[in-house]
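K.L.:
First the structure, then my questions, so here it is.
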Amino acid sequence: MKTTQLLKKGLLGLLGTLFTATVWAHGGAAGTDTDQCKFELEPSHWIHYTAYQPSAYPAEEFCGKLPGTDTKTQLVFDYQDMRYRDMAVEFEVTKEPEGTRVFFLPSAKHKKGTINLELPNGVPEAGQYLIHITLLPDEKATDNRVQGQRLDVHMGFKAGTGEAVKKSSLLLYGFLGLAALYAAYLSSAGFKRKVDDIIFKIKD
């Protein structure tokens, strides 16, 4: 009985660690200042940013560090304030410090509030890059807060870090492995005896 309780506590402890790490990997609660994957357009007004490299690292999300180069890369931006949907937005990605342009999207309005930039071949080499976002004013907009102002924001990222799996994913794999061992412990009498013997020897 004590062994079963010990395994249960270990499983629950790992689950709690996994949840905490996953939340903070995304910057904590959505919309708070702890979220590092976002552009501040104005005080308290943001664009959220997430990067993906689905061919090389499926189901992984990235922010300031992209592990691969020369692989399909998606940069997804979400407005957190609907008023910016009345402004045209222009995107550019440059290699730094040279300032060489590797991607450019001409200004356009994105009424849905989500913009998906797809770089079919990713970035050409490892190093530092800079995302430039320019929001252009719309004199015809009904909201006077987007009239007559131009907003320029920037965010850097590093490509070619070689980090294939994030810590949150490693915790997930660890949790799944422990869950599988726990299931085997409950379903297999032989495996249960071996585990009990090991724990008994450790206690001694």
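K.L.:
With only alpha-carbon pairs counted, each pair once and no self-pairs, how large is the Kirkwood hydrodynamic radius of region 36-164 in angstroms?
P.N.:
Numbers: mean 1/r = 0.0659 Å⁻¹.
It works out to 15.2 Å.
K.L.:
Given Lys95/Lys158; Lys38/Lys158; Lys72/Lys112; Lys38/Lys65, which pairs have Cα atoms separated by over 20 Å? Before the final figure, lay out the partial values.
P.N.:
Numbers: Lys95/Lys158 10 Å; Lys38/Lys158 15 Å; Lys72/Lys112 24 Å; Lys38/Lys65 14 Å.
Over 20 Å Cα-Cα: Lys72/Lys112.
K.L.:
Mind checking the full-extension length gain between Thr100 and Lys112? Use 0.36 nm per residue of separation minus the Cα-Cα distance, one decimal, nm.
P.N.:
Result: 1.3 nm gained on full extension.
K.L.:
As an exercise, identify the GluC sites (Glu not before Pro) in region 49-104 lying in DSSP coil whose Cβ has no more than 10 other Cβ atoms within 10 Å.
P.N.:
Values: sites: Glu60, Glu61, Glu90, Glu92, Glu98; in loops: Glu60, Glu61, Glu98.
In loop regions of region 49-104 (DSSP not H, G, I, E or B), the sparsely surrounded GluC sites (Glu not before Pro) are Glu98.
No value in this document is a laboratory result; all are computed from the given coordinates. From a predicted model like this one, the values you see are computed outputs, not experimental measurements. Here Cβ is always computed from backbone atoms with ideal geometry, including for glycine, and neighbour counts include all displayed protein chains.
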